[in-house]
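For reference, the structure is listed below as structure tokens.
Please treat every number below as a calculation from the coordinates, not as lab data. Since we're looking at a predicted model, the values are computed, not measured. Positions of Cβ are generated from backbone atoms using ideal geometry, with glycine treated the same way; all protein chains shown enter the neighbour counts.
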Amino acid sequence: MLTAALDDALDGRGQMVMLAGEPGIGKTRLAQELADHAQARGVLVVWGSCYEGDGAPPYWPWTNAIASFIEPLNSEQLYTIIGSGNTDIAEIVPQIARKRPDLTKPLDLDLEQARFQLFDSVATFLSNASKSSPMLIVLEDLHWADHATLLLLEFVIAAS
């Protein structure tokens, strides 16, 4: 099922697959096997993980996954992916602002508008990033995810 989903994604039909089961059953191992298979087929794999305890900022697994993607990029490569108006993502991925301090700050909007702008910025970033190489995003331990992380997941899936 997972390799079929990967094949579909490589054919342009992105999707989400959720692995569920009891602790210790091998979900992470199975995800790693899929990630290895995907990498062997030229897919870029990024990982994010939810934090079990209190204190993790909203969107933490997304921040980790995107930060690992941008780590090897230079400033110009990052700008090519972000574009000129897609700067809201830097609000949750501070590594972007460090690499591109020239980015404009998002407008002050009410909470719902700001959330939509952020979600759209993340979805656009991921779409642009996957144009040069297919991407597999693995988010682990979603049962510990905060509400905002799950809302962003829902938005990204709908946008793909």
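Structure above, values below:
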{"quantity": "Which of Trp47, Gln32, Leu73, positive extreme of dipole for segment 29-107 (C-beta unit charges)", "calculated": "Leu73"}
{"quantity": "Cross-link reach list, aspartates and glutamates versus Lys27, counting only Cα pairs under 16 Å and skipping chain neighbours closer than eight places", "calculated": "Asp36, Glu140, Asp141"}
{"quantity": "Dipole magnitude of segment 1-131 about its Cα centre (Cβ charges: Lys, Arg +1; Asp, Glu -1), debye to nearest 20", "calculated": "320 debye"}
{"quantity": "Prolate/oblate/rounded label for segment 4-98 (Cα gyration tensor, a/c 1.5)", "calculated": "oblate"}
{"quantity": "Charge sum, other residues only, whose C-beta stays under 13 Å from Asn64's C-beta, Lys/Arg counted +1 and Asp/Glu -1", "calculated": "-3"}
{"quantity": "For segment 1-51, the fraction of alpha-carbon pairs in successive 5 Å shells from zero, as %", "calculated": "5, 17, 28, 28, 14, 7, 1"}
{"quantity": "Dipole axis of the chain (+1 Lys, Arg; -1 Asp, Glu on Cβ), positive-most option in Gly83, Val93, Leu109", "calculated": "Gly83"}
{"quantity": "Cα convex hull volume per residue for the chain (Å³)", "calculated": "119 Å³"}
{"quantity": "Residue-averaged 222 nm ellipticity for the chain, from DSSP H runs of 4+ at -39500 (n - 2.57), nearest 500", "calculated": "-16000 deg cm²/dmol"}
